[in-house]
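Beneath this line is the structure, given in structure tokens, with notes to follow.
The values are calculated or read from the model by the stated rules, or taken from the named source; none is laboratory data. Please read all numbers here as calculations on a predicted model, not as lab measurements. Virtual Cβ from ideal backbone geometry, glycine too; neighbours counted across all protein chains shown. These area figures cover heavy atoms from the full protein model, side chains too; ligands, DNA and RNA do not enter into them. Shrake-Rupley method; radii C 1.70, N 1.55, O 1.52, S 1.80 Å.
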Amino acid sequence: MKIVVCVKQVPDTINVRINEKTGTMEREGVPTMVNPYDLYAVEEALRVKEQHGGEVMVLSMGPPQVQDALREVISMGVDDARLLCDREFAGADTLATSYTLARGFARIGEYDLIYCGKPAIDGDTAQVGPELAEHLNLPFIGFVRKIREVRPGFICAERMTDDGGEVVESSLPAVVSVVKEINEPRLPSLRGKMKAKSFEAVTWSAADLEVDRERIGLKGSPTWVVRSFTPEPRGGGEILAGGDSAEIASKLAEKIRELGVCS
Amino acid sequence: MKIRVISEECTVCGECVEVCPIAAVKMEDDVAVILDNCNFCGLCVTACPVEAIEMTREDTAGSADKESHRGVWVFAEQREGRLAGVAAELLGEGRRIADGRGTDLTAVVFGRGLEGLAMELVTLGADRVIAADHPVLERFHDDAYAGVMTSLAEEYRPEIILCGATVQGRSFFPRVAARLRTGLTADCTELDIEEGTGNLLQTRPAYGGNIMATIACPNHRPQMSTVRPKVFKAAVPDPGRQGEIIVRTEWGDAVHTRTRVVEIMKEAVQTVNMAEADIIVSGGRGMGSAENFGLLEDLARALGGAVGASRAAVDSGWVPYARQVGQTGKTVCPKMYVACGISGQVQHLVGMQSSDMIIAINRDPEAPIFKMATVGVVGDALEIVPLLTKALTSNSSG
Ligand SMILES: Cc1cc2nc3c(=O)[nH]c(=O)nc-3n(C[C@H](O)[C@H](O)[C@H](O)COP(=O)(O)OP(=O)(O)OC[C@H]3O[C@@H](n4cnc5c(N)ncnc54)[C@H](O)[C@@H]3O)c2cc1C
Ligand SMILES: Nc1ncnc2c1ncn2[C@@H]1O[C@H](COP(=O)(O)O)[C@@H](O)[C@H]1O
């Protein structure tokens, strides 16, 4: 089977240091990383390959430095990768991103299954997966926490719902987005690392993909960021300390009642 | 290029470098330079004290017939014949937006035998209810929900459609947006109508809540958002209200579905849904064991809330993953979040920092969670939690 995984490189804002003096983020030289959810998707794809044979390919859209992220997943055992890279793709919202990725899939041609991470942690929209499914006219199963069975033409997966879970079956190809619970991504193998060293993904430009230029990048994005701001840092409040636990507990109970959240 | 630094104006103050979340601005000797990885978030434009950064965009093609779209719609999610909590919140907020636009509020509900729900939606503020009645729509199916919503939107042409940022909403709504070729803003926490243009301004957290972005969809209709549960006030039912109810039963291909739900798994222990809980009592590694989580369940019961957890507690196998709050778990914003034995690493904080009130119990006075806490208690959670439960239950009757 041929599984394609959508992988995004994201800024590692989470591991950014907080400047002790000013309390603001140190943003100089923000490192990048592979979107953590996409690693779960990669792991799941590698498991399908182990079971059924075939190939795992990764598809990404982004600037040239995404090659670093692609090398990282190659070192885990991914067979090949494609990078959709063009200045014209920049500034894409989820509609333009999913359209561009869909054109990438058209160029890839044959595939049995597409895995995505649920969200990318930078924008955290979780929209690219289902929008991609729509562009490709494929079924979509989101929030998947367990794959029960995959075989050519068929998938059975367990997805999270707001009040538990559901087991869903679908024909393949389909787009499936996964949550963290699904697996523990493997570490790079020695062989993978060797391969990654010299790996350079084939890149496809807007021209290679025969895209409709009105539908890519900033131009193809219906949503515009009109303003962005840093939220007021949340100040610490009152601290209760000292005294014995019973005393503290009753003081806290009183506070909670004062806050008036519960009866 | 659509973003540039006006070099004569730049004072090399460094504000733009400081504020860029992805290090796409660099300071050279006498001017700031915007690098190739810029994603046009505009934070530097607003941050620049001398207006030396200019962002322009060429107009996108857009929907040709913007003016023909009218009315505010909300998708009223139902599960097993009951409205999800977010439905009443969307109606409350939808009413406000519709009044602001001087237009009608329509609620759309899917399922079977929807008369009761339709009446309820009218009492909650809908001027009109469109009830899509079909056996396939009784349960959630991505294809069918997207098919029916798209066909209704094409027929009635609403200007704005709001949907809960629930598992259902975040699964099928993007598909609707892609089919209508319009924008969709995820997980909004604030909505407003822009004066003059009448555009919907949708504000949401990004980069793990470190940045808030206000997003508009100026040239395409409908304008679509998923809205985070528990952010907006639920509409108060007014039994006297009147409204129009349209029941539609013929759906043809729109209800065709390629996926099949073969089994439903109810979460056994927990009854209160975290996304909709007003109060969440969460535990971390500091709780020490699965048994000690029983203390948190008792407290949650006393407060009428749900139990959550940090990743460390989930990874230790004390709590199922569905309870994990944070970057790789759920984002929650209850009225009150009680963190017990949780240090408050940033990956956890991003999942709960928008809670109205945060109570923290931790042994370590230096724990970062205290920087966020409305009320912080330095002490042993294993001792304090049961005492607190007792204090709350014994006095609440008096
Ligand atoms: C990519 C990535 C994603 C992540 N996603 C998430 C996520 O979604 N959610 C999440 O929570 N974490 C996430 N993490 C992990 C996160 O960094 C922290 O490791 C985790 O939140 C720590 O959990 P904790 O606070 O329970 O444990 P600890 O950091 O070990 O803190 C335990 C705290 O309990 C206190 N304590 C101990 N005993 C007691 C007692 N008897 N009474 C009171 N206090 C006591 C200690 O003082 C300490 O502060 C992620 C990490 C990475 C790298
Ligand atoms: N630029 C991109 N390149 C490849 N995959 C992407 C890209 N953007 C999003 N994705 C995929 O879509 C998922 C959801 O992303 P998002 O909708 O941005 O939260 C990610 O986990 C990726 O699998």
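The Cα center of region A:211-248 and the Cα center of region B:277-326 differ in position by 24 Å.
With the highest mean first, a sort of the peptides A:148-159, B:332-343 on other beta-carbon atoms found within 10 angstrom per residue produces B:332-343, A:148-159. Between chain B and chain A, roughly 9000 Å² of accessible surface gets buried, counting both sides and using a 1.4 Å probe. Peptide A:141-149 is shielded by partner chain Cβ atoms: per residue, an average of 2 of them sit within 10 Å of its Cβ.
For A:LYS251, the lysines whose Cα falls under 21 Å of its own Cα, not counting residues fewer than eight places away in the same chain, are B:LYS335, B:LYS371, B:LYS390. With the whole protein complex present, B:ILE264 retains an accessible surface near 80 Å², based on a 1.4 Å probe. For region B:63-255, the equivalent ellipsoid derived from the Cα gyration tensor has semi-axes of 23, 18, 17 Å, listed largest first.
Kindly provide the chymotrypsin sites (Phe, Trp or Tyr not before Pro) of region B:13-95 that DSSP labels as loop, not H, G, I, E or B, and whose Cβ sees at most 13 other Cβ atoms within 10 Å.
Details: sites: B:PHE40, B:TRP73, B:PHE75; in loops: B:PHE40.
Sparse-neighbourhood loop chymotrypsin sites (Phe, Trp or Tyr not before Pro): none present.
Ligands, DNA and RNA are left out, and with a 1.4 angstrom probe the accessible area of region B:63-255 is 35 Å² per residue. Give me the tail of P(r) for region B:274-397 as a percent: Cα-Cα pairs with distance above 19 Å. Of the Cα pairs, 38 percent sit more than 19 Å apart. Once the 1.4 Å probe is applied to the protein heavy atoms, chain A comes out at 41 Å² accessible per residue.
The mean sequence distance of close C-alpha pairs (under 8 Å, at least 6 residues apart), as a share of the length of region B:2-58, puts its relative contact order at 45 percent. Taking Lys and Arg as +1 and Asp and Glu as -1, the other residues whose beta-carbon sits under 14 Å from that of A:MET1 total -3. Relative to the compact-globule estimate of 2.2 N^0.38 Å, the Cα radius of gyration of region B:220-291 comes out at 1.85.
Computed over all pairs of different Cα atoms, the Kirkwood value for the hydrodynamic radius of region B:105-154 is 11.2 Å. Put one equal scatterer on each alpha carbon of chain B, apply the Debye formula with no solvent term, and list log10 I(q)/I(0) at q = 0.08, 0.13 1/Å to two decimals. Results for chain B at q = 0.08, 0.13 Å⁻¹ read -0.53, -1.16. Peptide A:240-249 is shielded by partner chain Cβ atoms: per residue, an average of 6 of them sit within 10 Å of its Cβ.
Our compactness index for region A:162-263, the C-alpha radius of gyration over the empirical 2.2 N^0.38 Å, is 2.13.
Which number comes out as Rg/Rh for region B:2-58 once both Rg and the Kirkwood Rh are worked out on C-alpha atoms?
Checking Rg against Rh, the ratio lands at 0.90.
Solvent-free Debye calculation, one equal scatterer per alpha-carbon of region A:2-215: log10 I(q)/I(0) at 0.13, 0.18 Å⁻¹ equals -0.72, -1.34. Which whole-number percent of Cα pairs in the protein assembly as shown have a distance greater than 40 Å? The answer is 30 percent, as a whole percent. Once the Cα atoms are used to define both axes, helix A:66-75 deviates from the longest principal axis of chain A by about 80 degrees.
For region A:64-127, carbon and sulfur atoms together expose 42% of the accessible surface, with a 1.4 angstrom probe and every protein chain in place. Based on C-alpha pairs under 8 angstrom that are at least 6 apart in sequence, chain B has a relative contact order of 12 percent. Listed peptides B:158-164, A:182-188, B:101-107 appear in the order B:158-164, B:101-107, A:182-188 once ranked by packing, highest mean of other Cβ atoms within 10 Å at the front. Pairs of lysine residues in region A:2-215 that meet both criteria, 8 or more places apart or on different chains and Cα atoms under 23 Å apart, total 22. Of the peptides B:353-360, B:248-255, the ranking by mean beta-carbon count within 10 Å, highest at the top, reads B:353-360, B:248-255.
Per-residue shielding of B:365-377, expressed as the average number of other chain Cβ atoms within 10 Å of the residue Cβ, stands at 5.
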